Amino acid sequence: MIYLDNSATTQPYKEVLDAYRKAAENFFANPSSLHRKGGEAERLFRQARMSISDLLQVKMNEIIFTSGGTESNNLAIKGSALQYMNRGKHLVTTSIEHASVLESFRQLESLGFEVTYLPVNREGEISLDDLEEALTPETILVSIMHVNNEIGSIQPIKEAGKLIKQKSRAYFHIDNVQGIGKVPLNFNEVQADLVSYSAHKFHGLKGNGVLIKRDKLSLFPLLSGGGQESDIRSGTENGPGIVAMAKALRLYLGKADAQKEKLKTLQTLLLKELSGIEGVKLNSTRLGAPHIVNFSVPGIKPEVLIHTLEEKEIYVSTRSACSSKTAAASHVLTSVGLSDQEAKSAIRISLSFDTTIEEVEFFLEELQKVIPKLKHVMR
């Protein structure tokens with residue numbers, strides 16, 4: 001199997017599955033229970049929080065455990081908007097955010113908030129001048145993704161954070177679900193107030209995520225109940241999943257420094273070879289994150305190309321997995337200036353640290369074979 005859909009989800013490490021099984025079998029009690037078994041579960045849970053805080057270089061009380069990137073983004077955006085709406089009701093984001101971000105803002109618009117959607121250039125980057133112009137005394141939150149999940153564009157996060165703090169009182173949220181381990185991001189250097197992560201993007205399990213929140217910042221809870229996670233995210237903690245997430249993060253970040261150059265080499269190979277295949281149009285650039293390459297094959301339906309490659313045990317995708325089953329053109333690709341035909345025929349390749357050059361070369365060989373055949377059939 002050649003799996004090239006790692007931006008949708010990654011394969012859990014074996015050690016992660018083992019850690020989950022051990023925790024689920026031996027530390028199954030509710031960590032809020034007063035008895036000994038509850039105390040054992042709570043201590044293991046605390047160790048996982050300590051491990052994640054060390055790995056992400058944040059304070060333990062700045063970690064909020066969630067069910068994944070979507071919940072982390074919703075909590076960061078809605079929680080801060082509702083908490084600080086007395087200061088103003090203006091919000092800023094970009095036109096190429098993940099659906100969990102865009103839909104959160106649209107919901108807030110229905111509640112009377114005003115949202116500015118920053119445009120992007122052909123490379124998928126915002127203009128800092130546009131950001132500065134968008135900031136007003138009423139702006140209470142700016143949310144910008146670090147790495148785009150479809151084309152891999154990298155936003156000038158550090159410069160944006162500095163500008164936001166100099167020119168406004170707004171809080172700064174970063175969706176770093178796609179960037180972690182692949183593109184460096186220091187929580188303190190970028191002056192972020194909130195940062196979202198998802199375990200299944202770094203070989204953890206689905207259903208677990210983290211929202212990093214500055215301890216000075218308050219959030220309006222979206223889930224009410226027993227007061228877990230400092231009264232911000234109620235609900236019995238998924239202890240085994242969190243233990244597995246801590247294990248995955250340690251293993252994943254342990255590979256990052258040694259493997260990032262390999263990813264760049266593989267990306268360079270993909271960009272070079274794809275640009276030479278007749279009928280292929282590159283949508284990603286060399287300036288983007290090293291693990292994502294996006295291209296279009298106008299005239300061929302992407303689902304047909306995906307299923308044809310699948311017959312060779314090669315797995316790629318069209319766009320964000322959350323939106324892959326809709327027939328509409330990708331909002332990311334139309335925002336960077338692609339036509340509807342180009343945007344609707346896009347394919348995304350997303351690599352992991354475990355992807356090999358042999359796998360990439362085999363994919364390229366098969367792609368070169370199937371494109372002419374499919375174009376002949378679909379005339």
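The values are calculated or read from the model by the stated rules, or taken from the named source; none is laboratory data. If you're wondering where the values come from, they're calculated on a predicted model, not measured in any experiment. Note that each Cβ is placed from the backbone with ideal geometry, even for glycine, and that neighbours are counted across all protein chains shown. Side chains are part of the model used for accessible areas, which takes the heavy atoms of the whole protein and leaves out ligands, DNA and RNA. Shrake-Rupley method; radii C 1.70, N 1.55, O 1.52, S 1.80 Å.
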Inset, instruction - Measure off, as a whole percent, the carbon and sulfur share of the 1.4 Å-probe accessible area of the stretch 99-150, all protein chains present. - result: 46
Legend entry - Solvent-accessible area per residue, Å², over the chain with all protein chains present [probe radius 1.4 Å]: 44
Legend entry - Whether the stretch 1-124 is rounded, prolate or oblate, judged on the alpha carbon gyration tensor where a/c under 1.5 counts as rounded: oblate
Inset, instruction - Take a quick pass over the stretch 1-130 and tell me how many lysine pairs come in under 26 angstrom between Cα atoms, counting only ones 8 or more apart or on separate chains. - result: 4
Inset, instruction - Leaving ligands, DNA and RNA out of it, report the carbon-plus-sulfur percent of the accessible area of the stretch 1-59 at a 1.4 Å probe. - result: 52
Inset, instruction - Quick one: angle between helix 36-56 and the longest Cα principal axis of the chain, in degrees between 0 and 90, rounded to 10, please. - result: 50
Inset, instruction - Mind checking the stretch 255-359 for GluC sites (Glu not before Pro) that DSSP puts in a loop (not H, G, I, E or B) and that have at most 14 other Cβ atoms within 10 Å? - result: Glu278, Glu311, Glu313
Legend entry - With Cα atoms, 0 to 90° folded angle of helix 69-83 axis to the chain main axis: 50
Legend entry - Exceeding the 32 Å Cα-Cα cut-off - candidates Lys247/Lys281; Lys201/Lys281; Lys182/Lys213; Lys158/Lys216; Lys260/Lys369: Lys247/Lys281
Inset, instruction - With a/c under 1.5 counting as rounded, go ahead and sort the chain into rounded, prolate or oblate using the C-alpha gyration tensor (a ≥ b ≥ c being the square roots of the eigenvalues; past the cut-off, prolate if a/b is larger than b/c, else oblate). - result: oblate
Inset, instruction - Report the local net charge at His98: Lys and Arg +1, Asp and Glu -1, summed over other residues whose C-beta lies under 10 Å from its C-beta. - result: -4
Inset, instruction - List the aspartates and glutamates whose Cα lies under 15 Å from the Cα of Lys162, skipping any in the same chain that are fewer than 8 positions away. - result: Asp129, Asp130, Glu132, Glu133, Glu189, Asp193
Legend entry - Helical contribution to [θ] at 222 nm, DSSP H n ≥ 4, -39,500 (n - 2.57), averaged over the chain, rounded to 500: -13500 deg cm²/dmol
Legend entry - Other-chain or far-sequence residues with amide H under 5 Å of Thr116's (modelled H): Leu91, Val92, Thr93
Inset, instruction - Work out the length of the dipole vector of the stretch 12-88 about its Cα centre, built from +1 on the beta-carbon of each Lys and Arg and -1 on the beta-carbon of each Asp and Glu, and round it to the nearest 20 debye. - result: 160
Inset, instruction - For the stretch 197-277, state which trypsin sites (Lys or Arg not before Pro) are in a DSSP loop and have at most 10 other beta carbons lying within 10 Å of their beta carbon. - result: Lys216
Legend entry - Among Ser32, Ser72, Leu263 the positive-end extreme of the charge dipole of the chain (Cβ point charges): Ser32
